[in-house]
Every structure is written in C-alpha cells, then in structure tokens.
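First up is the structure itself, then whatever we jot down about it.
The values are calculated or read from the model by the stated rules, or taken from the named source; none is laboratory data. The model shown is predicted, which means the values in this text are computed figures rather than measured ones. Counting neighbours? That spans all protein chains shown, and the Cβs are built from the backbone with ideal geometry, glycine included. Protein only, heavy atoms only, side chains kept; ligands, DNA and RNA dropped before computing areas. Shrake-Rupley method; radii C 1.70, N 1.55, O 1.52, S 1.80 Å.
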Amino acid sequence: MNKRKIEKLIPIAIECIEKTNLIIVKENKIPKEFNGYISNFGASITQSGLMATVAFFETTDNKSNQNRGNLTKLILNVINKEKDKNFELDEKIKLLGYIIENKSKKNIVKEEVINAAIAVKLAMRVFEFTDEMDSKEVDS
C-alpha cells in the first residue's frame, strides 16, 4: 500500500464512479451493497489471494442485488486511467484478464489493485449509501 499513490488515485476513482455506469449514482447516492463489496474485496485478497478474489467478484452467477463484478471493472478503470491521461473509461474490461496478462509482474499488479481498491473505497465515502436504489444490475 502506497499512501501517496492512493491520494493521487482518489480523484480518479471519484471521476470513474461518476462517469461510468458501473455503480448507479442518483442524487449523489450509491447502493449500499457496494459498501459491503468493497470492504469484502480487501479482506478476501488477504485471505484468498488476488486471483481467487477477482475471479469470485467477476462471477456473473450470483443472487446479489447489484453486480459485484462492476466493482472489479471500476478498479481496473482507475488503474488504467491513472496510467494514461487520455484513457477512455471502458465498462467491458475485466480485471482478471489484466492480472493474467501481467502475471510476470504479479507483485506490481497486486499493489496496483490494492491501491486502486483503497482509493475506490475512500472515493465512495464522497457519496451517500442508500438502500432505496433500483436493485437492477448495471450490465456492461
């Protein structure tokens, strides 16, 4: 975890939350499920490892109210946007593919993911959590 990097990523994470359709933002409020998802994401990396966690979160066969795979897409958007100033936000990309593609740099990638996930968690605090949202998934 790199505190300076995380501070740099927080505004990027806020922008990604606001400009993508990955998390439904209505009146500066986001579904409360994402608070649980982002909290579980970090704990799961510690317990199960990065690839197992991301594979679980990207599983589309779940009964949750919100698509938890959108969280991993959001994390990858934050990573990519930070690397490339002209990056177009993309809701179709997958974090697991990025991790596998860069497995030769697994320690660097793990730190990137953890830093971006922490930035997303902190960026979510800018918004209010609500359970009054439409519970339909945002599929990309």
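Quick look at the numbers
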{"quantity": "Residue-level accessible surface for Ile99, protein heavy atoms, 1.4 Å, Å²", "calculated": "10 Å²"}
{"quantity": "Rounded to the nearest 10 Å², the accessible area of Arg125 at probe 1.4 Å", "calculated": "110 Å²"}
{"quantity": "Under 5 Å, built H, 5+ apart or other chain: amide partners of Ile30", "calculated": "Glu128, Phe129, Thr130"}
{"quantity": "Peptides ranked, highest mean first, by Cβ atoms within 10 Å: ranges 48-58, 1-11, 109-119", "calculated": "109-119, 48-58, 1-11"}
{"quantity": "Listed residues Asp131, Asp84 arranged by accessible area, highest first, probe 1.4 Å", "calculated": "Asp131, Asp84"}
{"quantity": "Solvent-accessible surface ranking, highest first, for Ser44, Ser39 at 1.4 angstrom", "calculated": "Ser39, Ser44"}
{"quantity": "Residue-wise HN-Hα coupling along segment 17-26, computed from phi with Karplus coefficients 6.51, -1.76, 1.60 (Hz; x: Gly, Pro)", "calculated": "5, 6, 9, 9, 9, 6, 10, 6, 10, 10"}
